[in-house]
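Here is the structure we will look at, set down as structure tokens.
Read the figures in this text as sums done on the coordinates, not as results from a lab. Given the structure is predicted, the values throughout are model-derived calculations rather than measurements. Here the Cβ positions follow ideal geometry from the backbone for every residue, glycine too, while neighbour counts run over all protein chains shown.
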Amino acid sequence: MVAGIGINGFGRIGRLVMRAALDNPNATVVAVNDPFLDINYAAYQFKHDSVHGMYPGTVEVDGDSLVIDGKTTVKFFAERDPAQIGWGATGADYVCESTGIFTTIEKASAHLKGGAKKVIISAPSGDAPMYVMGVNHTNYDGSADVVSNASCTTNCLAPLAKVINDKFGIEEGLMTTIHAATATQLVVDGPSKGGKDWRGGRSALTNMIPASTGAAKAVGKVIPELNGKLTGMAVRVSAFTILPLEFLCPHVFLIDINST
């Protein structure tokens, strides 16, 4: 059975989710919602990607729908309130919440009012259960209607930490990630959002900017036995897409940990 996918927020993550779904015979995107994009502009942004290249197929607009490759019709909504999006009418059983705004169970559950059956938050969540493929995804029993797929850094760190912890054991660990620039940064020097992070206001084009990251804490939610054992930091660099991660931990074996 092909899963009907809805995407809320047609930004970097939303557009890449649609690209991935188009390559997956078991999934099809049937609807997209973004109140800040004209449908013609959305088609243009999906077609032209500065990082991953131009979409090889066709992208057309037919009324209030995007038509991909002449066969996949994607209904385009422009609702600010997730509860008003008609997911059910389009056959979108699973919604990817990729706005970065509705990241709690209460806020993301608004999609269920529009007919969605399950919601996956494409960011860390303060209260929704988090799952990382290859780490703890088998723990999902289907009962939760809203889940989180954590962050990009957590998806990088968690599999590495799991392998080391399963084989040797982790007593404590320190991670450093070299993070690509994001949309929250500035291309020229200026005031950061809120004016609190002074270094964050420096140009993303010419600076290596230290930043905080919640990935280490999130790993503790994905792998409970590592909760409180990891810490880390990020360095924002002038790159389009890159995420090398260094993870340091003392050389210790499970028998050593269990004996203390």
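At a glance:
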| read-out | value |
| --- | --- |
| Radius, Kirkwood style, for the chain when every pair of distinct Cα atoms is counted (Å) | 20.1 |
| Length released on extending from LEU174 to SER192, taking residue separation times 0.36 nm less the Cα-Cα span | 3.8 nm |
| Extension gain (nm, one decimal) between ALA183 and GLU60, 0.36 nm per residue minus Cα-Cα | 41.6 nm |
| Positive-end residue, the stretch 3-149 charge dipole about Cα centroid, Cβ charges, pick of VAL61, VAL17, PHE102 | VAL17 |
| Over 18 Å [Cα-Cα, the stretch 3-149], rounded percent | 54 |
| The stretch 15-32 versus the stretch 182-230: alpha-carbon centroid distance in Å | 29 |
| Per-selection Kirkwood Rh - the stretch 153-258 (Cα, Å, 1 d.p.) | 14.9 |
| Residues in the stretch 112-142 reached by a label modelled at GLU225 [backbone nitrogen below 18 Å; 7 Å Cα→Cβ] | 132, 134-140 |
| Relative contact order computed over the chain (Cα-Cα under 8 Å; 6+ residues apart), in percent | 15 |
| Whole-angstrom Cα spans of the stretch 80-223 along principal axes, big to small | 47, 45, 20 |
| Burial order of peptide ranges 77-88, 236-247, 6-17, 210-221 (average beta-carbon count within 10 Å, highest first) | 6-17, 210-221, 77-88, 236-247 |
